[in-house]
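Peer 1: Got a structure here, written out as structure tokens. Questions coming.
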Amino acid sequence: MSAFFTVMDKLITLFIYIIVGYFIKRKNVVDDKFMAGFIKFLMCVTLPALVINTFQIDYSGEMLKRGASIYFISLIIYVFSIFIAVLSGKALKISRPALGVWIFAVVFPNHCFMGWPVMSAVFGEEALFYAAFANLAFSTFAYTYGIYAIAKYGENDGGKVSFKKLIFTPINVSIVIGIALFVTGLRFPSSVANAISGIGNVTTPLAMIYCGMLLTGNKMREVFADWRVYALSLLRLIIIPALVFAFAGIFVKDPLVFAVLVIGHSMPVAGFCAMFAGEYGGDAVLASRFIFVSTLLCIITIPVFAVFVA
């Protein structure tokens, strides 16, 4: 039970950051232009710094092997999640413009912005090393099939999708750099390493503040009156992580690797869902509702799963 309250305490801290972001956007302290620059700053500066800093540890062939196993197991999880998303969307008769958003929301968790802070806070910095490999699997599907799904069912056919641009993101490049530094044993000078560490450390509060700003585009009455947000949250926050817990436990024996897989897939809807929906013709309003409600409800569900994997 102590694990439950430990995780709850960390999540409340993260949710306070979200509330701050919500109110500074609601009160027009910041505007949409600021948000656009803010997300670029996170994606291009602080998150890559966090990734590189995570890999600045002594090389271990066993750790690299475990990281690779997380990548491939995560790929399998995403494949099965796609089947669940497509079948559930059709069974629930989700309308065409919303179906791509539904699929993306069911399949892809908020792995970086919420998953990494939670895993770091609960399981320590070593968890981020493995989480980086899981994020590679996220990138493999989210920036390819995820965008394809939204564009396929979008109202404006989504336009042209540059998969090359989406795959070679600063985060993915930083993961490759980090792995190279890890394997070769190369280290930055202390002054550079301290700067990278300092920049990476601001990622957690800033990412949560951005999530809060993203949630301001909805009227609360309309959000909670939409039955789809509850059906989605059931799949995203309970059913999929429960399946991961049940089946990954059969093949994964390392407790930290197992915890990273379960907690990573128990996160709420990825913030990219709303951004991609807006860009590729999906239902961006519905996407932001999914993000808001699943983020709110995860304060209850994540501690429960953390108790079983801690």
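Peer 1: What ranking do 39-45, 280-286 get when scored by the average of other Cβ atoms within 10 Å per residue, highest first?
Peer 2: Taking the mean over residues of other Cβ atoms within 10 Å, the ranking is 280-286, 39-45.
Peer 1: If R₀ is 30 angstrom, what is the calculated FRET efficiency for the pair ARG221 and LEU243, using the beta carbon separation as r and rounding to 0.05?
Peer 2: With R0 = 30 Å, the Cβ-Cβ based efficiency is 0.35.
Peer 1: Next up: Quick check: the angle from helix 125-141's long axis to the longest principal axis of the chain, C-alpha only, nearest 10 degrees?
Peer 2: 50 degrees
Peer 1: I've got another one for you. Which entries in LYS25/LYS219; LYS33/LYS93; LYS25/LYS152; LYS27/LYS219; LYS93/LYS152 show an alpha-carbon gap greater than 25 Å?
Peer 2: LYS33/LYS93; LYS25/LYS152
Peer 1: Now for a separate question. Accessible area per residue, 1.4 Å probe, Å², for the chain: what's the number?
Peer 2: Accessible surface, normalised per residue, equals 44 Å².
Peer 1: Over all directions, the average projected area of the alpha-carbon convex hull for segment 238-310 comes to how many nm²?
Peer 2: Seen from a random direction, the Cα hull of segment 238-310 projects 5.3 nm² on average.
Peer 1: State the extension gain, in nm to one decimal, for the chain segment bounded by GLU125 and ILE19, taking 0.36 nm per residue of separation less the distance between their alpha-carbons.
Peer 2: 35.6 nm
Peer 1: So, taking all protein chains as they sit and a 1.4 Å probe, how much accessible area belongs to THR140, in Å² rounded to tens?
Peer 2: That residue has around 60 Å² of solvent-accessible surface.
Peer 1: Between PHE4 and LEU186, with labels modelled 7 Å along Cα→Cβ, what's the label distance in nm to one decimal, could you check?
Peer 2: 4.9 nm
Peer 1: Could you report the accessible area of PHE138 in Å², rounded to 10, computed with a 1.4 Å probe on the protein chains as they sit in the structure?
Peer 2: The accessible area of PHE138 comes to roughly 10 Å².
Peer 1: Enter the angle in degrees (range 0 to 90, nearest 10) between the Cα long axis of helix 2-26 and the first principal axis of the Cα atoms of the chain, meaning the one along which they spread out most.
Peer 2: For helix 2-26, the angle is close to 60 degrees.
Peer 1: Treating the beta-carbon of each Lys and Arg as +1 and of each Asp and Glu as -1, no other charges, what is the dipole magnitude of the chain about its Cα centre, to the nearest 20 debye?
Peer 2: Computed about the Cα centre, the dipole is about 560 debye.
Peer 1: Same structure, new question: Placing one identical point scatterer on every Cα of segment 2-47 and ignoring solvent, what is log10 I(q)/I(0) from the Debye formula at q = 0.15, 0.17, 0.29 Å⁻¹?
Peer 2: Debye intensities relative to I(0), on a log10 scale: -0.55, -0.65, -0.97.
Peer 1: Show me the ranking of peptides 81-91, 294-304 by mean Cβ neighbours inside 10 Å, starting with the highest.
Peer 2: 294-304, 81-91
Peer 1: If ligands, DNA and RNA are left out, what is the accessible area of LEU14 with a 1.4 Å probe, given in Å² to the nearest 10?
Peer 2: Using a 1.4 Å probe on the heavy atoms, I get roughly 10 Å².
Peer 1: Further, regarding this structure: Could you sort SER191, SER139 by their accessible area in this structure, using a 1.4 Å probe and putting the largest first?
Peer 2: Result, largest first: SER191, SER139.
Peer 1: Just subtract the alpha-carbon distance of ILE300 and LEU75 from 0.36 nm times their residue separation and send over the number in nm, one decimal.
Peer 2: Stretched fully, the ILE300-LEU75 segment lengthens by 78.3 nm.
Peer 1: Using a Förster distance of 25 Å, how high is the FRET efficiency between TYR59 and ALA195, based on the Cβ-Cβ distance and rounded to 0.05?
Peer 2: Given R0 = 25 Å and the Cβ-Cβ separation, E is 0.65.
Peer 1: How far is helix 284-309 tilted off the main Cα axis of the chain, in degrees rounded to 10, range 0 to 90?
Peer 2: Result, in degrees: 50.
Peer 1: Order the peptides 99-107, 269-277, 222-230, 205-213 from the highest to the lowest mean number of other Cβ atoms within 10 Å of their residues.
Peer 2: 99-107, 269-277, 205-213, 222-230
Peer 1: To continue, here is another question. Give, rounded to the nearest 20 debye, the magnitude of the charge dipole that segment 189-256 has about its Cα centre when Lys and Arg contribute +1 at Cβ and Asp and Glu contribute -1 at Cβ.
Peer 2: For segment 189-256, the charge dipole is close to 140 debye.
Peer 1: Accessible area of the chain with a 1.4 Å probe: how many percent of it is carbon plus sulfur?
Peer 2: After summing per-atom areas, the C and S share lands at 69 percent.
The values are calculated or read from the model by the stated rules, or taken from the named source; none is laboratory data. Here the structure is a predicted model, which means the values were calculated and not measured. Reconstructed Cβ throughout: ideal geometry from the backbone, glycine too, with neighbour counts over all protein chains shown. Areas reflect the complete protein model, heavy atoms only, side chains present, ligands, DNA and RNA absent. Shrake-Rupley method; radii C 1.70, N 1.55, O 1.52, S 1.80 Å.
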